[in-house]
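Here's the structure, in structure tokens; my notes come after.
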Amino acid sequence: MSDNKYYYAVARIRSRELSLLNEAFIDQLLGAKSIEEAMRLLQDKGWHMPEEYTTESDRVEKMLAAEKQKTWDLIAELVPDMSVFDVLLIENDYHNLKAAVKEALTSDIHHDIYSSGGTIDPKVMNSAIENRDFSLLPEEMRDVAEKALDTLLHTHDGQLTDIIIDKAALSAINAAGKKSGSPVLELYAELKVASADIKTAIRAIKTGKDKNFIKEALAPCESLDTERLANAANEGTDALYDFLSLSKYADAVPELKRSPSAFERWCDNLIIRNIRSEIAHPYTIGPLAAYIIARENEISTVRIVLSGLINDLPEESVRERAREMYV
Amino acid sequence: MGIALALLGAASAALFAGIGSAIGVGRAGQAAAGVVTEEPSQFSRVLILQLLPGTQGIYGLLIAFIALSQLGLLGGQANTSMSVGTGFMYLFACLPMAFVGLVSAMMQSQAAVASIGLVAKRPDQFGKSMIFPAMVETYAILALLVSILALNGIPA
């Protein structure tokens, strides 16, 4: 891909970066005494305020969905071929595949379980699974869709189905990252897969899964030796921590010891820290990818803060979960 | 043959430096348009930055004019019996401006694009943002001087 295409796009993103939320704003948001005050702060920053809503949670979700849509609308305006960003959208496709496969087992229809913003229309996904017409799906998804559907129909084991789909999703993310030709997106994919593998290993230890199960569940990843990760997970938590301490992800160990949410936060922060150098790149696709990731990150942090306010959580506990900002 | 070589030199100076400037101003123009789309008040600032890579084209034109003038091509009194050696002298005298003009304009556009990004984020740093692409101009000016001195040194 030619990097010479993005002079206009990166310049627009540079201007847009001025309206990204920074650490000081997140501090201010965390200090808000009520959901109304927090919403007012966001409105002052230009965030969308839904006029019609049923509950505060509904209002927040509508606002966040609109903000997400704004980001993708801007990027669609700037980049003619959006396939380069598939790596950021594939997760939604596989989430929808999971939903469609599980829905196929029941007679009920649940439109709200599908996630928008993937590369495949949820209706197409649903139709492909319901009618077993896998040709409607992209080639790389057909086998996994069939396997997951058959597994669920024959075993009724939702967890096993999830593992099949999750692994395929991670492999697809990894492949899309490499295909994008953008070092930022490739790095994003790699970190996403590595952190998911670590999470899987931890979950497998907690649920007492055997080595074969763990090996089956881990997605291939360049920065982590999944064979050794599976062996370490099979031996127990201490062996896993020892293995990670000697890997590129040594900093994850104290966070894993603290709590699952601390580790989640560390994963997101790791991505943000690694993409921050894109602030200085003047004309590649990198700053556009970094902007999308930064927006997703701030949307997720705002969701954490606002949920904390709605549910009256202590400020300190919300602060612990808030992510680092890109700017 | 001599006059053809000399003319090739004059044409190269205008051609390559002009190509470099066209590419450079085009790139910087795209970035400038991006900033103005979001922030129309930045128009005058980014316009100046966009124009910086355009100077090489002017220098190339200047060298071409000097060479054409010395060759008598502007007044219709061309020295068609010019020796091959003299023709080569004109050609080589024009080459610094041709090549340095091409490369420096393209490189200057990269710096101008980065500076336009800087102005987008920190409009108060406009003065400093001008300095980075202006540094590249130094080498275009050095090449211009060399070409002028060399053209003036060619015996009539």
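Before we move on, is B:Ala111 more than 15 Å from the chain's Cα centre (by Cα), surrounded by 24 or more Cβ atoms within 10 Å (Cβ to Cβ) and within 14 Å of chain A (Cβ to nearest Cβ)?
Numbers: more than 15 Å from the chain's Cα centre (by Cα): yes; surrounded by 24 or more Cβ atoms within 10 Å (Cβ to Cβ): no; within 14 Å of chain A (Cβ to nearest Cβ): yes.
Taking the combined requirement at face value, the residue does not satisfy it.
The test for being of a type in the set (Val, Ile, Thr), buried (at least 16 other Cβ atoms within 10 Å of the Cβ), touching a Lys or Arg at 6+ places or on another chain (Cβ under 9 Å) and part of a helix (DSSP H, G or I) does not hold for A:Ile205.
Among the residues in segment B:63-72, are any away from every other protein chain (no Cβ under 14 Å) and of a type in the set (Ser, Thr, Tyr)?
Taking segment B:63-72 and keeping what is away from every other protein chain (no Cβ under 14 Å), we get B:63-72.
Right, trim to of a type in the set (Ser, Thr, Tyr) and you get B:69.
Looking for residues that are away from every other protein chain (no Cβ under 14 Å) and of a type in the set (Ser, Thr, Tyr), one finds at least one in segment B:63-72, hence yes.
The single residue among A:Ile299, A:Ile285, A:Ile279 that is closer than 30 Å to B:Gly34 by Cα and at pLDDT below 90 turns out to be A:Ile279.
Of everything in segment A:26-38 that's in contact (Cβ under 8 Å) with a residue 40 or more places away in the chain and of a type outside the set (Gly, Ala, Ser), which residue is nearest to the other protein chains (Cβ to nearest Cβ)?
Restricting to residues being in contact (Cβ under 8 Å) with a residue 40 or more places away in the chain and of a type outside the set (Gly, Ala, Ser), the top hit is A:Ile26.
Scanning segment A:234-285 for residues that are of a type in the set (Lys, Arg), buried (at least 18 other Cβ atoms within 10 Å of the Cβ) and free of Cβ contacts under 8 Å to residues at least 40 places away in the same chain turns up nothing.
Which of the helices (runs of 4 or more DSSP H) found entirely inside segment A:221-327 contain at least 1 residues meeting this: in contact with an Asp or Glu (Cβ under 8 Å, 6 or more places away or on another chain) and either within 14 Å of chain B (Cβ to nearest Cβ) or within 23 Å of A:Asp86 (Cα to Cα) (or both)?
Values: elements: A:226-235, A:237-245, A:252-258, A:260-275, A:286-310, A:315-321.
Where helices (runs of 4 or more DSSP H) fall fully within segment A:221-327 and carry at least 1 residues being in contact with an Asp or Glu (Cβ under 8 Å, 6 or more places away or on another chain) and either within 14 Å of chain B (Cβ to nearest Cβ) or within 23 Å of A:Asp86 (Cα to Cα) (or both), they are A:260-275, A:286-310.
In contact (Cβ under 8 Å) with a residue 24 or more places away in the chain and closer than 19 Å to A:Ala290 by Cα, is that true of A:Glu91? Yes, satisfied.
Quick one: count up the residues across segment B:115-149 that are under 17 Å from B:Glu39 (Cβ atoms) and of a type in the set (A, V, I, L, M). Please lay out each step first, then the result.
First, pick out the residues of segment B:115-149 that are under 17 Å from B:Glu39 (Cβ atoms): B:115-126, B:129.
Imposing the further condition that a residue be of a type in the set (A, V, I, L, M) reduces the set to B:116, B:118-120.
Adding up the residues that qualify gives 4.
Taken as a whole, the condition of being in a helix (DSSP H, G or I) and surrounded by fewer than 19 Cβ atoms within 10 Å (Cβ to Cβ) applies to A:Asn92. Is it the case that some residue within segment B:22-43 is of a type outside the set (A, V, I, L, M, F, W, C), at negative phi and away from chain A (no Cβ under 12 Å)? Checked against the condition, which is being of a type outside the set (A, V, I, L, M, F, W, C), at negative phi and away from chain A (no Cβ under 12 Å), segment B:22-43 yields no hits at all.
Restricting attention to segment A:1-24, the residues being surrounded by 18 or more Cβ atoms within 10 Å (Cβ to Cβ) and away from every other protein chain (no Cβ under 14 Å) number 1.
In segment A:161-178, is there at least one residue being part of a helix (DSSP H, G or I), among the hydrophobic types (A, V, I, L, M, F, W, C) and over 19 Å from the mean Cα position of the chain (by Cα)?
To start, the set of residues in segment A:161-178 that are part of a helix (DSSP H, G or I) comprises A:161-178.
Going one step further and asking which of them are among the hydrophobic types (A, V, I, L, M, F, W, C), we end up with A:163-165, A:168-170, A:172-173, A:175-176.
After this cut, where a residue has to be over 19 Å from the mean Cα position of the chain (by Cα) as well, the list is none.
No: segment A:161-178 contains no residue that is part of a helix (DSSP H, G or I), among the hydrophobic types (A, V, I, L, M, F, W, C) and over 19 Å from the mean Cα position of the chain (by Cα).
Residues in segment B:49-91 that are more than 22 Å from B:Leu142 (Cα to Cα) and within 21 Å of the chain's Cα centre (by Cα): 0 in all. Take the conditions (1) in contact (Cβ under 8 Å) with a residue 12 or more places away in the chain; (2) not in a loop (DSSP other than H, G, I, E, B); A:Ala76 misses just one of them, which is (1). Given the criteria crowded, with 19+ Cβ neighbours inside 10 Å and touching a residue at least 24 places away in the same chain (Cβ under 8 Å), does B:Tyr139 qualify? The answer is no for B:Tyr139.
Kindly check whether there is at least one residue in segment A:54-70 that is under 24 Å from the mean Cα position of the chain (by Cα), within 14 Å of another protein chain (Cβ to nearest Cβ) and surrounded by 13 or more Cβ atoms within 10 Å (Cβ to Cβ). Yes. Within segment A:300-327, the set of residues being surrounded by 19 or more Cβ atoms within 10 Å (Cβ to Cβ) and of a type outside the set (Lys, Arg) comprises A:Thr301, A:Val302, A:Ile304, A:Val305, A:Leu306, A:Gly308, A:Leu309, A:Val318, A:Ala322, A:Met325, A:Tyr326.
The values are calculated or read from the model by the stated rules, or taken from the named source; none is laboratory data. Quantities reported herein were computed from a predicted structural model and do not represent experimental measurements. Every residue, glycine among them, receives a Cβ derived from its backbone with ideal geometry; neighbour counts consider all protein chains shown.
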